[in-house]
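Undergrad: Structure provided below as structure tokens; questions to follow.
The values are calculated or read from the model by the stated rules, or taken from the named source; none is laboratory data. In this text the structure is predicted, and so the values were computed from the model without any measurement. FYI the Cβ positions are ideal-geometry reconstructions off the backbone, even for glycines, and counts take in every protein chain you see.
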Amino acid sequence: MKAKLASFVASFGLPRLIITGFLLALFILAPIVGVDLPMQITNVINRFSWNAILVLAMVPMVHSGCGLNFGLPLGIISGLLGATLSLEFGFTGPMSFVMAVVISTPFALVLGMGYGALLNRIKGGEMMIATYVGFSSVSFMCMMWLLLPYHKADMVWGLAGKGLRTTISLEGYYDKVLSNFLQINIGKISIPTGALLLFALLAVAMWAFLHTKTGTAMTAVGSNPTFAKAAGIKVDKIRMLSVVMSTWLAAIGILVYEQGFGFIQLYMAPFYMALPAVSAILIGGASVNKATIVNVILGTLLFQGIVTMTPTVMNSVIHTDMSEVIRVIASNGMILYALTRRSEVSR
Amino acid sequence: MNNKRKWIFRGCTLLVVLLIAALMFVVGRGHTVYIDNKTLEYNGETYNALQKVEVWVNGERLSKLSKRDRTMTTTIGNGFEMKLINTVNKGDEPTEVTVNLSLPYGWDGILVNIPGYLANLPQEAWMSEFIIEAAPPEEGEEEPGEDEIPTAEF
Amino acid sequence: MSGKQQNAGKTAFTFLRNNTVPLMFILICAVCIPISGFSPSYLLNEIITRLGRNAFLILSLLIPIMAGMGLNFGMTLGAMAGELALIFVSDWQIWGIPGVVLAMIVSIPFSVLLGWVCGKILNMAKGREMITSYIISFFINGIYQLIVLYLMGSVIPIAHSSIKLPRGYGIRNTVSLLNMRQCIDNLLAVRIAGVKIPVLTLLIIALMCILIVWFRRTKLGQDMRAVGQDIQVARDAGINVERTRIISIIISTVLAGFGMILYLQNIGNLSTYSAHSQVGMFCIAALLVGGASVDHASIGNVFLGVILFHTMFIVAPQAGAVITGDSMIGEYFRVFVSYGVITLALIMYEMKKRRQKANIGEQLALAQKEEEQHE
């Protein structure tokens, strides 16, 4: 029995177990300390719907052996370009969301191709360079947000008449367009069906893709590049495809996030956005070279569950908000754990 | 043998570092000394404030105290030396006194009463701990803001 | 004759390729200095101040590079250890140079512990040390916050309410170090033509350089270089690779702690929750600007790096404001350049590694061919 338990712990991973246990404890504690549970559940589902696509963006690159995509901000920037341009061109309502997706796509493709070409030339050092590509691109765009000729009154600084604001309200544009689409209310719990549907669509598409010929080739490249090369797979091309997919998903992901959150956040906001997505998929059971759709769903639920539940429950128990610190320790601890797994270093 | 010598060497290094640390505790303790020229009541006796006192520290004149005046200075270490140039009553010839004080380790702020000191009273009469009222919480001095935490709101 | 010329051209090209970053920076500085319109004495003053402030911190990066562990993003750990020590020392009210010395001594146990943890973890993640040390710095930052924000004053005794948050526990956003502000910089300071030279600080830095040079020649230093060159060969030679790597990280962390204390005594106050967050990035960027790479860095790189990087840092906002009329542009520009430099250096390092691998492969193939021909 003990051995069985030990092997279960070993396969599941101790940090993962701690995090799951912690979340369970939070859910058990919540009604006892008088926290409004239905509202918390609504919050968790909502946050899940905002973030799931960003986490899904991790999957292709993990499959092709490029590791965790710490360069997620690059894709996010494509999304932000799409969002701001869509608003600048005067689109409103749901149409502005559609146009944001349409406009951000070419940016994501071009940036993703450049990024993929770069990663192909530095195989083995992807994660560190990805991190810094993300950082450089975010800080480069900080200058661009100020310099690019945007003119729409509710996006630029009022006084100067130029330079985008740090946060742009989406009211009247695509604020909650997906969340409100076919929204279901059961008692106090409300479900943002539209956003979940979009995620489901993309997740199913991803699942289906991974089972096509190209998809299996991608997995082959990730698990054994030499073998894949010998089998006649164009390794660089497949890797490039995975990077482009990841970048595009990140662009869509940030747009979905914005529609839920209600604001576009520019400048330094995308800077650290890769870390929560990375740790979410790892909490869900993924590793540096293995990730499934189930990992995405589970991980996002667990991660967002902790993010939402900790502040409220902690506040009612010990009257201080330690959630920030707990989140930092838990998410980075999870990434560290994944990076140090010996079996996965062998790649 | 070699191993033993290595450990002795390491032990000595550690000891030296600890000694330096202990020394720093002694020589580096900072105090704020407040110097008062105020009339002091002690055991039913009254010791009158001086007409005028010049306080010199480290060869520089810190301040010139009239009756009921107070001055302050910071000092590092246990010993504190100052020179007083006293004018007891109006028109008197000033007299020079060098004061050497040993400051109590546990006190951050130390209040020294000059008339009491000059009258050779016991130390507790003219030296007391000076506690500053805790500064009222500053505006906006709350927990660190969101932007200071690495993983921004997500 | 033409062969010689070709050779010269080739050397020039290699020189350019190996020194892209410093040359780029000299260019940036050359363009920005006249535009910014700062007087030479002001610039010189600022550069010397920053040299004294930052050089020690950057020196702490050299030893892990020597041991083949790349840029130690975990130097932030040392910075945090230094900050913890400073919080204690300012609560104990130890001022002036004794305060700085005591803080350095107090920081050692924290640094050694954190460095040991960091080294242990990095040994589990060989080949991806940099990203791992980067994440470690975030992880330990969480623990640092837990200690400083919640445990100090409630579990760990803190006597003075002046450094505590109004709620009674946790440390304030800024801790004043006024009582030790520039105490080392001002002792023995010399003024030449309006430029203040902190002689003692520079002497300490010089001493550190000598120590590093000496350290390279010791048995341990040689071992580290061997580990840095090839882990397998070093192990076959009987070197305890894991232990050597951990020691190199511990040394780096301790030095970073000292460096952070020197840095903060110059600044004069401690931003409790943010002082360390950028320090690693700026130090690494400065070192790379000085012409260092992921696997090679010298003391010369440190000084050239500090001077070039900080010149850019001083002039960029002003130059940006003059060119575009918006001071924020310059601010963002220098952040972008810092990250860009690190990105570029990382890319060049990885590409060089691949090139070398390819070269070795070719040579092997060639040798094999020759052998076959012999038979």
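Undergrad: Are there any pairs with C-beta distances below 7 angstrom linking a residue in the range B:11-30 that is facing chain C (nearest Cβ under 7 Å) to a residue that is among the polar types (S, T, N, Q) and surrounded by 11 or more Cβ atoms within 10 Å (Cβ to Cβ), with the two at least 6 apart or on different chains, and if so which?
TA: B:R29/B:N78; B:R29/C:Q93; B:G30/B:T74; B:G30/C:Q93; B:G30/C:N179
Undergrad: Residue under question is A:A274, and the condition is that it be crowded, with 20+ Cβ neighbours inside 10 Å and more than 10 Å from chain C (Cβ to nearest Cβ); does it hold? Show your work before the answer.
TA: On the way: crowded, with 20+ Cβ neighbours inside 10 Å: yes; more than 10 Å from chain C (Cβ to nearest Cβ): yes.
Taking the combined requirement at face value, the residue satisfies it.
Undergrad: Kindly check whether there is at least one residue in the range A:164-178 that is surrounded by fewer than 21 Cβ atoms within 10 Å (Cβ to Cβ) and within 14 Å of chain C (Cβ to nearest Cβ).
TA: Yes.
Undergrad: Would you confirm whether any residue within the range C:76-97 is more than 11 Å from chain B (Cβ to nearest Cβ) and of a type in the set (V, I, T)?
TA: yes
Undergrad: Look at the range B:48-93 and say how many of its residues are part of a strand (DSSP E or B), polar (S, T, N, Q) and free of Cβ contacts under 8 Å to residues at least 40 places away in the same chain.
TA: Counting residues in the range B:48-93 that are part of a strand (DSSP E or B), polar (S, T, N, Q) and free of Cβ contacts under 8 Å to residues at least 40 places away in the same chain gives 4.
Undergrad: Go through the range A:299-315 and give me each residue that's in contact (Cβ under 8 Å) with a residue 24 or more places away in the chain and either closer than 17 Å to A:P15 by Cβ or among the polar types (S, T, N, Q) (or both).
TA: A:G299, A:T300, A:L301, A:L302, A:F303, A:Q304, A:G305, A:I306, A:V307, A:T308, A:T310, A:T312
Undergrad: Of (1) buried (at least 20 other Cβ atoms within 10 Å of the Cβ); (2) in contact (Cβ under 8 Å) with a residue 40 or more places away in the chain; (3) farther than 21 Å from C:A275 by Cβ, C:L44 satisfies all except one. Which?
TA: (1)
Undergrad: For the range A:45-58, enumerate the residues that are farther than 18 Å from A:L111 by Cα and either away from chain B (no Cβ under 14 Å) or in a loop (DSSP other than H, G, I, E, B) (or both).
TA: Answer for the range A:45-58, where residues must be farther than 18 Å from A:L111 by Cα and either away from chain B (no Cβ under 14 Å) or in a loop (DSSP other than H, G, I, E, B) (or both): A:I45, A:L56.
Undergrad: Out of curiosity, is A:I329 within 11 Å of chain C (Cβ to nearest Cβ), of a type in the set (V, I, T) and surrounded by fewer than 20 Cβ atoms within 10 Å (Cβ to Cβ)? Can you show your working first?
TA: Numbers: within 11 Å of chain C (Cβ to nearest Cβ): yes; of a type in the set (V, I, T): yes; surrounded by fewer than 20 Cβ atoms within 10 Å (Cβ to Cβ): yes.
So A:I329 fits the description; yes.
Undergrad: Do you know which of the residues in the range C:274-311 that are farther than 30 Å from C:I171 by Cβ and within 14 Å of another protein chain (Cβ to nearest Cβ) is surrounded by the most Cβ atoms within 10 Å (Cβ to Cβ)?
TA: Per the criteria, the residue is C:L288.
Undergrad: Just name the residue that is farthest from C:A81 (Cα to Cα) out of those in the range C:123-140 that are of a type in the set (S, T, N, Q) and more than 7 Å from chain A (Cβ to nearest Cβ). Give the derivation first.
TA: Looking only at the range C:123-140, we keep the residues that are of a type in the set (S, T, N, Q), and these are C:123, C:132-133, C:137.
Keeping just the survivors that are more than 7 Å from chain A (Cβ to nearest Cβ) gives C:123, C:133, C:137.
Values: C:N123: 21, C:S133: 16, C:S137: 12 Å.
Among residues in the range C:123-140 that are of a type in the set (S, T, N, Q) and more than 7 Å from chain A (Cβ to nearest Cβ), the one farthest from C:A81 (Cα to Cα) is C:N123.
Undergrad: Then there is this: Any idea which residue in the range C:216-260 is surrounded by the fewest Cβ atoms within 10 Å (Cβ to Cβ), counting only those that are over 17 Å from C:D295 (Cα atoms) and acidic (D, E)?
TA: Within the range C:216-260, the match that is surrounded by the fewest Cβ atoms within 10 Å (Cβ to Cβ) is C:D236.
Undergrad: Just give me the residues in the range B:75-98 being hydroxyl-bearing (S, T, Y) and closer than 18 Å to B:P115 by Cβ, in sequence order. Working first, answer last.
TA: Filtering the range B:75-98 for residues hydroxyl-bearing (S, T, Y) gives B:75, B:87, B:95, B:98.
Within the range B:75-98, B:T87, B:T95, B:T98 qualify.
Undergrad: May I ask you to verify whether C:A55 is crowded, with 24+ Cβ neighbours inside 10 Å and out of contact with any Asp or Glu (no Cβ under 8 Å at 6 or more places or on another chain)?
TA: Against the criterion (crowded, with 24+ Cβ neighbours inside 10 Å and out of contact with any Asp or Glu (no Cβ under 8 Å at 6 or more places or on another chain)), C:A55 qualifies.
Undergrad: Can you tell me how many residues within the range C:60-85 are of a type in the set (V, I, T) and within 12 Å of C:L287 (Cα to Cα)?
TA: Number satisfying all stated conditions: 1.
Undergrad: With respect to C:P166, determine if the residue is at the interface with another protein chain (Cβ under 7 Å from one of its Cβ atoms) and surrounded by fewer than 23 Cβ atoms within 10 Å (Cβ to Cβ). Steps first, answer last, please.
TA: Details: at the interface with another protein chain (Cβ under 7 Å from one of its Cβ atoms): yes; surrounded by fewer than 23 Cβ atoms within 10 Å (Cβ to Cβ): yes.
Yes; evaluated as a whole, the condition is true for this residue.
Undergrad: Further, regarding this structure: Collect the residues in the range C:98-120 that are among the β-branched types (V, I, T) and either buried (at least 22 other Cβ atoms within 10 Å of the Cβ) or within 14 Å of chain B (Cβ to nearest Cβ) (or both), keeping them in residue-number order.
TA: Going residue by residue through the range C:98-120, those that are among the β-branched types (V, I, T) are C:100-101, C:105-106, C:108, C:112, C:117.
Once the filter is applied, which keeps residues that are among the β-branched types (V, I, T) and either buried (at least 22 other Cβ atoms within 10 Å of the Cβ) or within 14 Å of chain B (Cβ to nearest Cβ) (or both), the range C:98-120 yields C:V100, C:V101, C:I105, C:V106, C:I108, C:V112.
Undergrad: Another question, if that's okay. Pairs only if they're at least six apart or on different chains, beta carbon under 7 angstrom, first in the range C:309-326 and under 21 Å from C:A285 (Cα atoms), second basic (K, R) and at pLDDT 85 or above; list them, first residue then second.
TA: C:H310/C:R50
Undergrad: Is it the case, given these coordinates, that A:L68 is within 12 Å of chain C (Cβ to nearest Cβ), surrounded by 24 or more Cβ atoms within 10 Å (Cβ to Cβ) and either aromatic (F, W, Y) or outside any helix (DSSP H, G or I) (or both)?
TA: yes
Undergrad: Moving on to the next point. Could you look through the range C:300-314, keep only residues that are more than 12 Å from the chain's Cα centre (by Cα) and of a type in the set (V, I, T), and pick out the one that is farthest from C:L43 (Cα to Cα)? Don't jump to the end; show me each part of the working.
TA: To start, the set of residues in the range C:300-314 that are more than 12 Å from the chain's Cα centre (by Cα) comprises C:300, C:304, C:307-314.
With of a type in the set (V, I, T) added as a condition, the list becomes C:307, C:311, C:314.
Numbers: C:I307: 11, C:T311: 8, C:I314: 8 Å.
Ranking the candidates gives C:I307 first.
Undergrad: All but one of (1) in contact with a Lys or Arg (Cβ under 9 Å, 6 or more places away or on another chain); (2) surrounded by fewer than 20 Cβ atoms within 10 Å (Cβ to Cβ); (3) assigned to a helix (DSSP H, G or I); (4) of a type outside the set (S, T, N, Q) hold for A:F140; state the number of the condition that does not hold.
TA: It fails just one condition, (1).
Undergrad: With (1) surrounded by 15 or more Cβ atoms within 10 Å (Cβ to Cβ); (2) within 9 Å of chain A (Cβ to nearest Cβ) as the list, and C:M351 as the residue in question, which single condition is left unmet?
TA: (1)
Undergrad: Does the range A:132-143 contain at least one residue that is under 16 Å from A:A83 (Cα atoms), touching a strand residue (DSSP E or B) at 6+ places or on another chain (Cβ under 7 Å) and within 12 Å of chain C (Cβ to nearest Cβ)?
TA: no
Undergrad: Also: Please go through the range B:94-122 and pick out each residue that is in contact (Cβ under 8 Å) with a residue 60 or more places away in the chain, surrounded by fewer than 16 Cβ atoms within 10 Å (Cβ to Cβ) and more than 19 Å from B:L40 (Cβ to Cβ).
TA: Result: B:Y105, single match.
Each row is one residue, and each column tells you yes or no for (1) over 19 Å from A:G124 (Cα atoms); (2) surrounded by fewer than 19 Cβ atoms within 10 Å (Cβ to Cβ); (3) within 10 Å of chain C (Cβ to nearest Cβ).
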| position | (1), (2), (3) |
| --- | --- |
| A:G285 | yes, no, no |
| A:N289 | no, no, no |
| A:N295 | yes, no, no |
| A:M334 | yes, no, yes |
| A:T340 | no, no, yes |
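Conditions (1) assigned to a helix (DSSP H, G or I); (2) without any contact (Cβ under 8 Å) to a residue 40 or more places away in the chain; (3) at negative phi, marked per residue:
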position: A:L5; (1), (2), (3): yes, yes, yes
position: A:R16; (1), (2), (3): yes, no, yes
position: A:I19; (1), (2), (3): yes, no, yes
position: A:L23; (1), (2), (3): yes, no, yes
position: A:I28; (1), (2), (3): yes, yes, yes
position: A:G34; (1), (2), (3): no, no, no
position: A:M39; (1), (2), (3): yes, no, yes
position: A:N43; (1), (2), (3): yes, no, yes
